[in-house]
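Read through the structure below, which is laid out as structure tokens, and then see the notes.
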Amino acid sequence: MKTIIIIPVYNEIKNIGGVIEDLNKYFNSTDILIINDGSNDGIRKLFPILDINYIDIPIIYASGLWGATY
């Protein structure tokens, strides 16, 4: 059985590199999937450098009571 670690991120550019490094150190045969929840800190540019799988969730802004909807 294969294990995958799923990490949701929002504006975590300062932290994600260390988290990925630690996970690779302790779980080196595990897949890691980052789900970017609309970050605006430039974290998307870091994903290819870290050589990880990732998903970007686009934000659709609604002018209703709820604010942003996905």
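Of note:
- Inter-residue pairs, beta-carbon under 8 Å, first under 15 Å from TYR10 (Cβ atoms) and in segment 21-49, second surrounded by 11 or more Cβ atoms within 10 Å (Cβ to Cβ) and of a type in the set (Lys, Arg), 6+ apart: ASN36/ARG44
- Subset tally (residues that are open to solvent by 40 Å² or more (accessible area, probe 1.4 Å), in a strand (DSSP E or B) and modelled with pLDDT of 85 or more) for segment 10-61: 2
The values are calculated or read from the model by the stated rules, or taken from the named source; none is laboratory data. This structure is a prediction, so every number in the text was calculated from the model and none was measured. Note that we place each Cβ from the backbone using ideal geometry, even for glycine, and neighbour counts take in every protein chain shown. Keep in mind that these areas ignore ligands, DNA and RNA; they rest on the heavy atoms of the full protein, side chains included. Shrake-Rupley method; radii C 1.70, N 1.55, O 1.52, S 1.80 Å.
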